[in-house]
Structures are given as C-alpha cells and as structure tokens.
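Below: one structure, written as structure tokens.
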Amino acid sequence: MKETSNKWVKSLQKFFSFFQNERLQKNSRITYGVIWNLLLILFIVCIIGGAFAGGIGAGYFASLVKDEPTRSYAQMKKDIYNYEETSNLYFADNVYLGKVRSDLEREEVKIENVSKYLKDALIATEDKYFYEHNGIVPKALLRAVFQEVTNSSTQTGGSTLTQQIIKNQILTNEVSFDRKAKEVLLALRLEQFFKKDEILEAYMNVSTFGRNSSGQNIGGVESAAKGLFGVSAKDLNLAQSAFIAGLPQSPFMYTPFTNDGKLKSKEGLEPGLNRMKLVLHRMNENGYITDKQYKETINYDIVKDFIKPQKNPLDKYPWLTNEIEQRAKNIIAIMLAEKDGYKEKDLNKNAKLYEKYITLADRNIRQNGYNIHTTINKKIYDNMQKTKDEFKNYGPDKTVTRINKETGEEESYVEPVQIGGIMIENKTGKILSFVGGRDFKQEQLNHATQGRRPNGSTMKPLLVYAPAMEMGVTAPGTVIADSDTGIRVEGRAWPSNYVTGKYYGLVTTREALAKSHNVTAIKVYQRIINKRPAQYLAKMGFSDLTDVDYEVLSVALGGLTKGVTVEENVNAYTTFANNGKFIDAYMIDKITDQDGKIIYKHKVEPVDVFSSQTSYLMLDMMRDVFKYGTAASVPGMLNFSTDWAGKTGTSNDYNDAWLVASNPNITFGTWIGYDTPSSQVRGYDHRNYQIWSRLINSAYDADPNLIATKERFKMPSGIVQRSFCAISGMLPSQGCSSAGLVRTDLFNAKYVPTEVDNSLIQGKYVVINGKKYMALDSTPAEFSQSGLMLNPDFIKKLSQGGKIDANQIIPEGHPLWEKIMAPENKMSDDGKAPSSVNANVSGNKLVWSASGSPDVIGYRVFTSGGQQVGSVHAGSNLSISLGNGEYYVVAVDIAGKQSGPSNKVTIGTIKQEKPPENETPDENDENTNNEENPGDEDTIPNP
C-alpha cells in the first residue's frame, strides 16, 4: 500500500517536472500568446464586423427612408385624421335625409363614445402590447421580416395598431422593404406625438368593417355598430364588440351581409362567428374578460342581434339625392377653383378645367364629412311623390324605336308619359319640392331640373306681353287684330290659333292671354322683336339661349332652340310675384364641415327685370287664365282657394303640356310629355291640369298656410284705371260709346291712352243672306241702313303697313259687334237684273219665293196697275198683308236693278185687271204708308 502511494507521488512529480521544463515553458508561453491574440483579434473582428454589418443595415435602412420627409405634428395629425367620411344630407329645418352615395359609409366617433368591450377586443386581437410598445414590437417585426425573406407560407403578422394607421393613412398596402421601413420610422414618430388613446381612436375610425344591412361598405366602428346591430358604438355588448373587432382582418369574409344587404346563409356566417370566438378567447387569455364572461359569451347567439336588411334611405329619394349631390359638387368646385384664382365663368368656358374641379369636389364631398343642408320641405316632397305615384291618368305608354349606341342595332322601348314639376318660394328662391319623373329605375333623367323642352304658350308672359308692357308698347287693354299675319309656312298661314284654327278679330291683350291666342302674341312680338326682348329671358335665368332665339318669331310661342327646364321656366315666373325682381332658385342652403363651421352659405342676389307696375299688370292678366281662360277648370279641382295667376302652354303636335302659376307665397309648375318628343292623345292638356291640381292639393295638406295664403298680390303705386274703346284701345269716342264698346282696365300711369278713338265712322249698309255689305251709291235708300263701320284709316294703321283682311277683325258671335261692319264688306254690281220670283196668296197675305240671285237686297210689291204698295228687306219673312186687289212682286239687287214681275195674284174678289202690255211699274215709286214693313230688326243677322 505504501509502495503504491509512493508510485503515485513520483508520477505526479514527474508530471509537474515536465511542465517545469524550461523549453516546454517557453513554448507554452508562445502558444498561449498566440491563442490569446487570436481570440482578441477574433473578438475585435466580430465587434468591427458587427459594427460594419450594423452600419450596412443602418445605411440600408437610411437609404430606404431617405425620400420620406420629416413630418411635423400638425402634418401627421392631418394625415391620420384625414380618413374618408361620408357627407350628410338634410331636408329643410335640419331634418336628416341620409348620407351621400359612396362606396364606403363612415361616421366619425370619439373614443369616449366607444364601448370598453370593443376597445379591449381590438387591442387583444390586433395589438396586445399596444400600451407597452413605442410604435413597433421588435420581435414581431423581425419575425415578419424573416417570414418575408424566407417566403414563409405562414404569416403571423408584425404590424402594431400604430403601424396599421401609418399604412392606411399615410403610406400604401405595397409589399416592400421600402414601404416597411417608412412604416417603422413613421410609427415611431407618431408615438412621440400622440397619446395611445388618440392613436386607438384614429384606428377605430379608419378601419373597414365589411358591409351593413343595406349592402353598403362601412368604415369605422360607429358605422359598423349601427349598420350591423342598429346601436351606437358606446352601447355594444361583449359579443357584439368581439364580432366587430374580428372584422378588420378580413372584412368581406367575416361580414354577415351580402352586397345587396341580405343576411348570409348559415355556412356564409360561419367564418365570422368563428372569428368572434377567437377574439373572445384572446380577450380571456389577455385578462380583459373573466373565465365566467368567456363561458357565458362563447355560445351567445349573435345572429339574433343582426338587424334586418334595411332599405338604403337614399333609395327612397333617388332624384333628390342625385340633385343635391350634383349641386353641392358644383358649389364646391367653384370654391376650389376660386382658391386657385379661377372664376365661375372660367369653368363654364373650359370643359377640361370644369372636369378637374368637379372631380376634386366629388372627392371632397365623399371624404370630408360635410353637412349639406337643403331647402326641400320633407312633408311637401313626400306628399308630392305619393300623389305622383298614385295618379293614373297620365295617358298611354308609347313604343319608340332607337338605335343602340353600342350595337348599332335598332331597338324598341316602351316610354310612359313623364312628368316634371317644381315648387319655388317666391321671396327667397328656395326650391321647396319637385317631381323628377315617374320611375327612377326606368329613367334617371330629372325632368324637373335637367330635361329641356319647348315651353309653348307659357313663354308669352315672359317674352311677349311683359316686355311689351315694360316698353310701353302694350297694356292689358291694348287692342290687337287677331287676323292673318301674312306669314306663310309650307304654303299655310302662320301661326294658327290653338284648337279652332280661326281668327278672333279685335281683342285686348288681356283676353288674348287668357284664351292663349297665338296670332295676337305674334303680332305683339313683331312690334318689339327689334329691341331683342330675349334679353329679359337671360336676366330671368334662361341658360341656353342661342343667337337665333333673339331673332325668330317662333320663340314667342316657346320654340327655343334648346328648350328650357321646368325649373328655369317656373323660376322665371317668380319674377312677377317679386315685383319684377328675379331671384335665382336654389336647393343648397348651406354646407358645414365636421365641426359645424359654415364653409358655404347661399346668398340671395335679386336681379332687376321688370318694373313693379309691369309685374302687377302681368299678374292681373294671368288671373284671368283661371277665371275664364284656358285653366278655368282648375279652381274647381282644388281643395282651397287663393290668389292664383298663371299660364298654360302646349307645343307643336301636342308633344308638351305646361301649367305654371303663382300665388303671393309660391310658384308651382308642371310639364308632361314623352321623353322622345311625340304626340300625346287628345285631352293631354287637361290631364296636366289634373296632376297639377292634385300635386298642389297634396302640398296644401302638408302646409296649408304656405299654399293657401289669404294674401293677395298687392297693387303698387303707378297703376291707374282708365276707360278705352274696345275697337282701338284708345280713349272712347262718341261713336264707340253709342255702340256700347267702352271697356275699363288697368294701366301703367306712364302709358295711359292719350288719343281719342277714331276707329268708327257712320255709313250705309245692306244685309244680304244675313251678312252686312256696304251700300253702293245706287243702292235704293229703302233697303239700306245707317250704322257704324270701321274707319278705313284706322284699318290701315292697324295693318302696320301690311295687308289686313278687314273681314277678319270683327269678332264673331259677340252681340256688341253686331252693328259694326268692316269697309271691305263690299258686293260689286254684277250688271245683271235679278231673277224673278213666284207669288202666291195665303188668306189676305201676298207671299213669294226668294230670288235666286245672290245680290238681292229686297223686294217691291206692286198693284196690277203698277202702283208700289210695299217693300220687304231680303232675309225677312217674304210676305205682306194687303187689301183686296191684284198684285205682283219684283226683286231688287244692291245696284237697284229690278227683276221682271212675278205672276199676278188676287186677294179677295176684286176683278183682276191686266196691265198694259210691256208696261212695268215705275221703279222709283215708293209706298211710304206701308205699315207692314218689318223694319230694321229683320236686317240684324243672328249672332
């Protein structure tokens, strides 16, 4: 044992003595030095390499973000809060209508108005370290980069909520290191500027959440809460919050509604329900909810909470929302252009410039969350749409043929009679309501504001009578000869009067307007056309006038080159109700931004067009349209009474029918016709009166005080009442008074009649076949009568240098004109003696047949001895009572020539005596003692 121990000691000594060897020690020192130095060098190289690699990485990162500007707090705030928010639309009086049509409906909400469940759910699902990191999570970021480099099929994501905001609001969804580097840089910077809740609020308003129950795309948690569950974001329960929080990862996979607003099938809902359960799991896992809450909610029937498919509120008002959007865009386009130094007229002249700013305006409306307030009265508007839909008497549909622009083939379409109507408040120009058409799905054209058509006789007050009165050329009592104008179109006299086609003779402009005589209107327009009266139309808002419209006569009857909209036509009529001032109609009252700041407010800017005297006289004339004129049937269709003044109108070939009328509060007008101009069936004008009446009745039901005002149009100073002669319009003469042709009417005091009537003279006439003719110098006095006739000098003046048929200017069927004749009513001597007659006896009466000659004015009765015993006017009863004796009869013509004697007849028992052969009675003999002469009353023709 001792020996063994010694051996171990010696072995150890020998081992240690080896290391004590001087040579070995020297070599060891050298080896150690080398290894140490190598390790040191390796360490230094690693440090330098790491620094180099870091420098390269840093340099690469710097190169990726070198073009990214350094953003200030203000700039970043503007960027992250510049999410698209749909603008709101309002009826008048702040009554909510809906949102502007948009691909994405969004409603902003403050974080304090969001359920805590939803905030927690979003954080647990999208960024569980949200309140701990400074914008990025390095581990998650490296993992995401590694997955990108390796093209890993499993993508776990690496973006924080902060990074997602940067991506959505400032950058793009581009997949690149360049974009990712900028995202990281901006996320870090965003975290320096903003509090966590500010970032979370922006995220909740930015993110998209699928579709709502109307099928619209939605953005922001407030729109999601209302669109899915019908509650505000602050009222969401745990299950609802979890469902919404799960949507941003794949909004259209998880959304419960289809693009037409229908609830998905059970299988279609499954992905969204599973996603909700995952969100609840993560909330429980991260301590946001308890195990008990998780267990209670995991099986919650969320499907029962989904609201039923909702009809888009804008679908109820398609014409209205389209009109509001278009008008709002025009307003904002002008505002944007003016900021860039342009004016509205620049946009009107330059289509490319207009397109640029209208595009920018459209983007503004759909992104900036404006509040657009209109003038539309909801109750009146709703009532009118209902009435329009229920009316069944528009007339038949028509089949029209068109060329398909895409295929070039001929196709047939069925077109209904369309309607356009609009109501405007006179004093303000507010458009209170309108009717855009029959069915928006069939025809989107707004027939009240966009469709252009001839306005027929509704043009007469605007272009003819009011301008003529303003110029002092006419007055309500001005007399015009409604007779042939001498104008021929395709060989026919032009114009013709509606329906009858006949001339009405000497009529006042008041009556001509009430009865809508075309010929009278053209004759008045001929007097003023050289003064370019279409300038009045331009002042009253007619926007599409051409040079031709200033020059042709047909414009006086509504024949505009490009037509006029219902809005423009009705708006022009408000000028009369506004004492001659035109106030442009408008629908957009104001526009405010999200903070309620007014960015646009409509300003009423009246334009002087007519004097108050002209306007009142025009209104007073148009009252008669409803009293005895073309719209006399309308008052009987109304459920109320008020002071109406207006005008009807039709166009060529019965294509269009109009009625426009004002009371002191409002002006309302309607048009009906086919979209493709085509004749309507008989009675179309009366059908328009019916729909006009029903629409205004429905407006009365909504607002009686507005529609059935008790006020009347007030007569201004400068209006006087004067008497005038109905033949000439001048001051009455003695002859006019004796004929009972004196009238009284209103006049502008500046333009009252000053000349005494000279239209009548005394003259001799005869009656032939019920018609009056001037007597010739040779006409026997016994058959002629004294009476009033038109003065040839007056007729010459009336013709205005042209040719006029005097026979056309005596109105037919009017008892007061019965004794007035035209000097051109002449019958020439034909040089022949009239044909003889046959005589007979009836008791003590001598009776005879009428002469066959056309110019016979009377008959003379003679005894067989040649003594004249009586005379009878032609047209009277051809008989005379006589004593016993033998008699014969001769016919007398206008030149005084006599026919041969009739056969002789005997009255009583007196023996007949033959007259000497070839003896004829003295044609100058007269029997002035005949008491049986029927007198003048027999010479008066029936009316």
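Values in this text are rule-based calculations from the coordinates and carry no lab data. Please read all numbers here as calculations on a predicted model, not as lab measurements. All Cβ positions, glycine included, derive from the backbone under ideal geometry; neighbour counts span all protein chains shown.
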**Report entry** Between 0 and 90°, nearest 10: helix 196-206 axis offset from the chain longest Cα axis
**Finding:** 40
**Report entry** Value of relative contact order over the range 577-699, rounded to a whole percent, pairs C-alpha under 8 Å and six or more apart
**Finding:** 19
Report summary line: Ordering 571-577, 891-897 by per-residue average of other C-beta atoms within 10 angstrom, highest first, gives 571-577, 891-897
Query raised in the report: Once both labels are modelled 7 Å past Cα along the beta-carbon direction, what's the Asn705-Thr546 spacing in nm?
Result: 4.9
Report task. Would you mind getting me the FRET efficiency between Asn134 and Lys349? Use the beta-carbon distance for r and R0 = 51 Å, nearest 0.05. Result -> 0.40
Query raised in the report: Exposure proxy check: Trp658, Trp817 ranked by fewest other beta carbons within 10 Å?
Result: Trp817, Trp658
Query raised in the report: In the range 780-823, what GluC sites (Glu not before Pro) fall in a loop by DSSP, with at most 15 other Cβ atoms inside 10 Å?
Result: Glu812
Report summary line: Taking r as the C-beta separation of Asn877 and Gln734 and R0 as 41 Å, the FRET efficiency to the nearest 0.05 is 0.70
Query raised in the report: Relative contact order, percent, of the range 331-398 when contacts are C-alpha pairs under 8 Å separated by at least 6 residues?
Result: 24
Query raised in the report: Once both axes come from the Cα atoms, what is the angle between helix 378-390 and the longest principal axis of the chain, in degrees from 0 to 90, rounded to 10?
Result: 60
Query raised in the report: Residue-wise, which Karplus ³J(HN,Hα) couplings in Hz belong to the range 415-420, taking 6.51 cos²θ - 1.76 cosθ + 1.60, θ = phi - 60°, and x for glycine or proline?
Result: 10, x, 5, 9, 9, x
**Report entry** Candidates per GluC sites (Glu not before Pro) in the range 537-614, loop by DSSP, up to 13 other Cβ within 10 Å
**Finding:** Glu551
Requested in this report: Can you pull the one-decimal nm distance between simple spin-label points at Lys196 and Val607, each 7 Å off the Cα toward Cβ?
Outcome: 6.3
**Report entry** Karplus-derived HN-Hα couplings along the range 210-216 (A = 6.51, B = -1.76, C = 1.60, θ = phi - 60°), whole Hz, x at Gly and Pro
**Finding:** x, 10, 9, 6, 9, x, 8
Query raised in the report: For labels at Arg488 and Glu409 in the simple 7 Å Cα→Cβ model, what's the distance in nm?
Result: 4.9
Query raised in the report: lysines near Lys832 by alpha-carbon distance under 18 Å, same-chain residues fewer than 8 away left out - which ones?
Result: Lys897
Query raised in the report: What ranking of Phe257, Phe747 emerges when the number of other C-beta atoms within 10 Å of each C-beta is taken as an exposure proxy, fewest first?
Result: Phe747, Phe257
Report summary line: For the Thr359, Ile598 Cβ pair and Förster radius 41 Å, calculated FRET efficiency rounded to 0.05 is 0.95
Requested in this report: Quote the relative contact order of the chain in percent (integer), defining contacts as alpha-carbon pairs under 8 Å separated by 6+ residues.
Outcome: 8
Report summary line: Nearest 10, in degrees from 0 to 90: the angle of helix 351-367 to the longest Cα principal axis of the chain is 60
Report summary line: Candidate cut points under chymotrypsin sites (Phe, Trp or Tyr not before Pro) in the range 834-882, DSSP loop plus at most 12 other Cβ atoms within 10 Å of their own Cβ, are none
Report task. Mind listing the long-range amide H neighbours of Ala839? Cut-off is under 5 Å, sequence gap 5 or more, other chains count too, H placed in the peptide plane at 1.01 Å from N. Result -> Asn903
